[in-house]
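So the structure is just underneath, and the comments pick up after that.
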Amino acid sequence: QNFKIDVIQVPINILDKRFLNSIIINIVKKKKVEFIARSVFLKSLLIKKPSKYRKIFSKNKKIYNFLVNFSKKGEKKAVKNCVQFVKDQKIVNKLILGVSNKSQLIELANFMKTKKKPANFKVPNIEDQRLLDPRSWVI
């Protein structure tokens with residue numbers, strides 16, 4: 001009541017869709033709030049080699065197997081798929097992306113300009129939300 005929220009920044013990626021629910025989407029549209037996606041790569045987990053997942057997702061074989069299959073085509077393809085998934089969400093106005101060097105920045109900038117078919121992923125449901133919180137990961 002004391003101030004107007006005009007921008008929110010939330011984690012969104014192929015595994016974390018908590019903020020892509022109809023209640024939040026309706027509030028964002030109604031209040032005309034700018035919706036910024038972050039954690040697109042889930043702290044780089046979605047673009048790392050599968051061996052990095054083993055400890056984190058050892059209790060959830062469906063997620064682990066999804067991540068292994070997701071990364072089979074290489075890091076560049078995984079990066080593009082992660083970005084494309086978030087770009088496909090109509091509610092998202094902007095993305096915050098982490099890069100390690102100039103060539104990654106240029107590649108992402110070029111990719112953002114292109115129109116691609118929507119990403120289509122069959123992602124297993126994550127019931128244990130701690131799996132989405134890097135603070136709870138044992139690496």
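The values are calculated or read from the model by the stated rules, or taken from the named source; none is laboratory data. Bear in mind that the values here come from a model prediction, so they are computed numbers and not experimental data. Note that we place each Cβ from the backbone using ideal geometry, even for glycine, and neighbour counts take in every protein chain shown.
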**Asked** How many of the residues making up the range 94-105 are over 14 Å from Asn13 (Cβ atoms) and either at pLDDT below 90 or under 14 Å from the mean Cα position of the chain (by Cα) (or both)?
**Response** 4
**Message:** One residue is enough: does the range 76-87 have a residue meeting the conditions of a type outside the set (A, V, I, L, M) and more than 19 Å from Ala37 (Cα to Cα)?
**Reply:** yes
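Mind counting the residues in the range 6-16 that are in a loop (DSSP other than H, G, I, E, B) and exposed (fewer than 15 other Cβ atoms within 10 Å of the Cβ)?
1
Can we say Val33 is farther than 19 Å from Leu132 by Cβ, touching a strand residue (DSSP E or B) at 6+ places or on another chain (Cβ under 8 Å) and among the β-branched types (Val, Ile, Thr)?
Details: farther than 19 Å from Leu132 by Cβ: yes; touching a strand residue (DSSP E or B) at 6+ places or on another chain (Cβ under 8 Å): yes; among the β-branched types (Val, Ile, Thr): yes.
Yes: the conditions hold for Val33.
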**Asked** If the Cβ limit is 8 Å and pairs must be 6+ apart or interchain, which residue in the range 8-23 that is within 18 Å of Asn81 (Cα to Cα) pairs with which residue that is among the aromatic types (Phe, Trp, Tyr)?
**Response** Pro11/Phe19; Ile12/Phe19; Asn13/Phe41; Asn13/Phe85; Ile14/Phe70; Ile14/Phe85; Ile14/Phe121
**Request:** For Phe19, indicate whether it is assigned to a helix (DSSP H, G or I), surrounded by 13 or more Cβ atoms within 10 Å (Cβ to Cβ) and at pLDDT 90 or above.
**Result:** no
